[in-house]
C-alpha cells in the first residue's frame, strides 16, 4: 500500500480492524529507497526496527537518532515530524503502530537458540527477523508473522520481534 505522503510503499502484515482507512494497531514492513519525510499518524505511537540496510538517520527538529544494524529500534509519536536520511543506501524496516488512547505496546528483540516459551496473558505477534522457527506445528522463516494467543513453545534458531499490545482500561 502507498505511504500517506506518497513517498514509498509499505506491506501491511496484520492490522485491527482488518478493513477501513483507520486502524487500532498494525504491523508492517516498509522499503525505504531514498531520503524523505515520514507520514504523519496523529494519535498513534510507533516503533521502527531496521531489518535490512546500513542504517537510517531520523531527524526531528534539532535531534537526530541513528538507527543502525543489527535491528536498531526507535520509538516516537506518530505525529512527530520526522525526516529520514539513508547514509548507506536503501533500507527495509519493521513498524509497529498503535492508537495511544486505546493500547499500551512493547516490542522486544528476542534471540532464540533452541526452545523457549513466548506469549503470556495477552496475545503477542512474533515476526521472524532472522533464522527460522517452529510454532504450533508450523515452520516460520524470515518475514513470517505468527499470532500467539497465550504462552506457546517456540523452537529454532534466529531472531524474532515480539510485539505485545494491551488494551487500556477505560
Ranking of 144, 93 by count of other Cβ atoms within 10 Å, fewest first
144, 93
Of 14, 98, how do they rank once you tally other Cβ atoms within 10 Å and put the fewest first?
14, 98
For region 86-137 and region 1-32, what is the separation of their C-alpha centers, rounded to whole Å?
16
Just rank 67, 52, fewest to most, by other beta-carbon atoms within 10 angstrom.
52, 67
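Each value in this text was obtained by applying a stated rule to the coordinates, not by laboratory testing. Quantities reported herein were computed from a predicted structural model and do not represent experimental measurements. So basically every Cβ, Gly included, is an ideal-geometry build from the backbone, and we count neighbours across all protein chains shown.
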